[in-house]
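J.: Here it is, the structure, as structure tokens.
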Amino acid sequence: MKKVLLVYSLVAISLISFAQFPFNTGSVELDADLNKINTSAKLDFGSFKTDLTVSFNIEEKKIDFLRTSVKMEPAEIYFALELSKISQKPIDNVVEVYKTNKEKGWGFIAKQLGIKPGSPEFHQLKEITKNKGSKGKGKKNKGKKK
């Protein structure tokens, strides 16, 4: 019985640490929304990748490269694409800023790309990410109302 409890405890701790990633955007809400996206994307990375290719007109092999070679979390790939779009800088530029500054967090990376905390662009980024993080919930609720 003690072994079973120990195994369950270890599994629970693993799942908690698996789900949380320190994005360090400077916004608790934005970090939470990115963690929702990350958790969902890891459950079905194929669908997530397809969604990104359609939404951002990016090739799947580029997403695979970011995931495997650059070692970006799924939500980081999404966030980098949003930063690219909002800052109007190519994704390769965003990735270069990420590579040299990832330990400083996404808030710092956004600043380097010209998106300052509290700016209209930063609020737009937060709102878009919030909507992306709750996208699945909205679809289910709409279906129940009909």
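J.: Does LEU6 satisfy being out of contact with any Phe, Trp or Tyr (no Cβ under 8 Å at 6 or more places or on another chain), modelled with pLDDT under 95 and either part of a helix (DSSP H, G or I) or at positive phi (or both)? Let's see the steps before the verdict.
T.: On the way: out of contact with any Phe, Trp or Tyr (no Cβ under 8 Å at 6 or more places or on another chain): yes; modelled with pLDDT under 95: yes; either part of a helix (DSSP H, G or I) or at positive phi (or both): yes.
So LEU6 fits the description; yes.
J.: Restricting to the range 35-63, count the residues that are free of Cβ contacts under 8 Å to residues at least 40 places away in the same chain, surrounded by 13 or more Cβ atoms within 10 Å (Cβ to Cβ) and assigned to a helix (DSSP H, G or I).
T.: Residues in the range 35-63 being free of Cβ contacts under 8 Å to residues at least 40 places away in the same chain, surrounded by 13 or more Cβ atoms within 10 Å (Cβ to Cβ) and assigned to a helix (DSSP H, G or I): 15 in total.
J.: If you don't mind, there's one more thing I want to ask. Restricting to the range 30-49, count the residues that are hydroxyl-bearing (Ser, Thr, Tyr) and more than 11 Å from the chain's Cα centre (by Cα). Reasoning before the result, please.
T.: Keep residues of the range 30-49 that are hydroxyl-bearing (Ser, Thr, Tyr), which gives 39-40, 47.
Now drop any that are not more than 11 Å from the chain's Cα centre (by Cα), which leaves 47.
The number of residues fulfilling the criteria is 1.
J.: Restricting to the range 70-129, what's the tally of residues that are in a loop (DSSP other than H, G, I, E, B), touching a residue at least 24 places away in the same chain (Cβ under 8 Å) and either over 18 Å from PHE21 (Cβ atoms) or charged (D, E, K, R) (or both)? It would help to see each step written out before you state the result.
T.: Narrowing the range 70-129 to residues in a loop (DSSP other than H, G, I, E, B): 70-73, 88-90, 105, 113-119.
In the following step, the residues that additionally are touching a residue at least 24 places away in the same chain (Cβ under 8 Å) were identified as 70, 72-73, 89, 105, 113-115, 117.
Subsequent filtering for residues that are either over 18 Å from PHE21 (Cβ atoms) or charged (D, E, K, R) (or both) retains 73, 89, 113-115, 117.
Number satisfying all stated conditions: 6.
The values are calculated or read from the model by the stated rules, or taken from the named source; none is laboratory data. All figures in this text were calculated on a predicted structure; none of them were measured in a lab. Counting neighbours? That spans all protein chains shown, and the Cβs are built from the backbone with ideal geometry, glycine included.
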